[in-house]
Amino acid sequence: MDGTKEMGGLRNVSSVCSISEMDDFDLSRLLDKPKLNIERQRSFDERSLSELSIGLARGIDTFETTYSPVGRSGFNTPASSTRNSFEPHPMVADAWEALRRSLVYFRGQPVGTIAAYDHASEEVLNYDQVFVRDFVPSALAFLMNGEPDIVKHFLLKTLYLQGWEKRIDRFKLGEGAMPASFKVLHDPIRKTDSLVADFGESAIGRVAPVDSGFWWIILLRAYTKSTGDLSLAERPECQKGIKLILTLCLSEGFDTFPTLLCADGCSMIDRRMGIYGYPIEIQALFFMALRSASSMLKHDQEGKEFIERIVKRLHALSYHMRSYFWLDFQQLNDIYRYKTEEYSHTAVNKFNVIPDSIPDWVFDFMPIRGGYFIGNVSPARMDFRWFALGNCIAILSSLATHEQAMAIMDLIEARWEELVGEMPLKIAYPAIESHEWRIVTGCDPKNTRWSYHNGGSWPVLLWLLTAACIKTGRPQIARKAIDLAETRLLKDGWPEYYDGKLGRYVGKQARKYQTWSIAGYLVAKMMLEDPSHLGMISLEEDRQMKPVLRRSSSWTC
């Protein structure tokens, strides 16, 4: 199963790193490492919207996305011995072994990783399945380690499952819906393998995943960026798969907002947690998937029509999110002084938010310097909670402007105890408690205060935090978070999540050897060691989409 391994799962691979579109930026300035061997390659995104750069601090404007060649592990290279780099932590080898142990095979080919490898748990539930969102950090780890075939097999198998007819009871889902997860069934008598997919019909709450299709598109782009192989994305079946997802989420209806209306339980927060409406996680993933898709669609007649629709939606979505979801000290003060019952296009308080609905905690939480995208905005409602995944994806996709991205990092530093504590990273802050918990979660016994999705700490978010730190030129924040994780993760058996205000306690129902906790750690380590890996998962701000942020013609603040 493991193939050729050295250093506990890391292959002995070439250390040469080729970087495309990096004329303006030298990565050695980020970690003070010897200058990388830069070799000019054709960028996959030269035909896309003004694609990815990594907008770093210190006046660096662009860093076009990286082509990370197959075979770059980041731990067995000469750069690992330089003075400011770190040697592999002893738990790296254990992490690779655990990750490989989670591999799932279909007809002899690896097609994904199971959610958790917890022998101690009496209930398997669906943790023995391959989840689309869970596999993303595993896929990135394999890509960074020069093993793209696993990712390719996964992308094609989930694409095959997308083509299935999807019914829940007597109702048929949209044609473009991707499965939440799938399972490989082995028949030892007939010696055959078969796939069984879950589109939400078996999920708790029976909610179809909105994020699976977005993650699939993002991962397809990451595969293309990492390998330089355009042929997979250009296959007719992949082009069709992208278009089916786009058709589903770009369909016109009664919405007056460019954001995507979603139910509770449709994303990583897969239980009722009061995110019904326009949750930040889905909006950020939607934005990133649209930009990724635009770079991979063929420029035939149908492809051009989709790209035109994408561009229009991106302009509207970026303006809406940057204007109405963004919160900093000044904006909080403005909302605090809102007038209500305003009418016509001159209204400042467009959603008729009642200032008295602002929760008390947010006034103390908001630092003078710093800001973030709040959880949700809809009529008469602003969910002021912090959600980590949505804000990190906003940075990586450049939904956040450069100034907003830096403000999010300022907030994380200023509120380190609340958002990071003793185990990175809080999925949401603050926790919902008491009567509000009963109403919002439906008395959910798993989402009690400071547990699971209700203020729990999730190690998998470490890779997203690290990527955001590198993009904003603050690798020291990522180092500090990784150091915290290394004090506990292996000793605690790679838990799914931690409980408590500071993330001190292993989650009350947390699975051990949770695969994305393992993979998230490996991706964070490899990305910090070799920041060129960031190119496969990061996008540059499109200059054409940078709006002048005005709320309305009457906005004078």
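Overview of results
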quantity: Segment 342-403 - percent relative contact order, Cα under 8 Å, separation 6 or more; calculated: 26
quantity: HN-Hα J in Hz across segment 496-502 - Karplus 6.51, -1.76, 1.60, θ = phi - 60°, x for Gly and Pro; calculated: 5, 7, 10, 10, x, 4, 9
quantity: Accessible carbon and sulfur surface of segment 90-158 relative to its total accessible area, %, 1.4 Å; calculated: 48
quantity: Sequence of LYS491, LYS446, LYS298, LYS508 from largest to smallest accessible area, 1.4 Å probe; calculated: LYS491, LYS508, LYS298, LYS446
quantity: Highest average packing first - 414-425, 325-336, 349-360, Cβ atoms within 10 Å; calculated: 414-425, 325-336, 349-360
quantity: Global form of segment 357-456, assessed from the alpha-carbon gyration tensor, a/c cut-off 1.5; calculated: prolate
quantity: Summed side-chain charge close to TRP494 - residues other than TRP494 whose Cβ falls under 15 Å, Lys, Arg +1, Asp, Glu -1; calculated: 0
quantity: Extent along principal axes [Cα atoms of segment 188-292; Å; largest to smallest]; calculated: 46, 39, 24
quantity: 27 Å Cα-Cα threshold exceeded, pairs from LYS183/LYS446; LYS166/LYS312; LYS304/LYS350; LYS166/LYS446; calculated: LYS166/LYS312; LYS304/LYS350; LYS166/LYS446
quantity: Relative contact order computed over segment 378-462 (Cα-Cα under 8 Å; 6+ residues apart), in percent; calculated: 30
quantity: GLY112 long-range amide H proximity, modeled H, under 5 Å; calculated: VAL104
quantity: Around ALA180: net Lys/Arg minus Asp/Glu count, Cβ-Cβ under 10 Å; calculated: -4
quantity: Accessible area per residue, Å², segment 379-496 with all protein chains present, probe 1.4 Å; calculated: 28
quantity: Karplus (6.51, -1.76, 1.60) ³J(HN,Hα), θ = phi - 60°, over segment 216-233, in Hz, Gly and Pro reported as x; calculated: 4, 5, 4, 6, 4, 5, 4, 4, 5, 5, 5, 9, x, 8, 7, 5, 5, 4
quantity: Percent carbon-and-sulfur accessible area, segment 168-314, ignoring ligands, DNA and RNA, probe 1.4 Å; calculated: 54
quantity: Segment 122-174 shape via C-alpha gyration tensor axes, a/c threshold 1.5; calculated: oblate
quantity: Exceeding the 21 Å Cα-Cα cut-off - candidates LYS191/LYS512; LYS152/LYS298; LYS157/LYS512; LYS471/LYS525; calculated: LYS191/LYS512; LYS157/LYS512
quantity: Solvent accessible area, Å² - ARG271, 1.4 Å probe, full protein context; calculated: 40
quantity: Global geometry of segment 85-164, whether rounded, prolate or oblate, following the gyration tensor of its Cα atoms and the 1.5 cut on a/c; calculated: oblate
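The values are calculated or read from the model by the stated rules, or taken from the named source; none is laboratory data. Fair warning: this is a prediction, and the values are worked out from it, not measured in the lab. For neighbour counting, all protein chains shown are included, and Cβ atoms are generated from backbone atoms with ideal geometry for every residue, glycine included. In case anyone asks, the SASA skips ligands and DNA or RNA and just uses the protein heavy atoms, side chains included. Shrake-Rupley method; radii C 1.70, N 1.55, O 1.52, S 1.80 Å.
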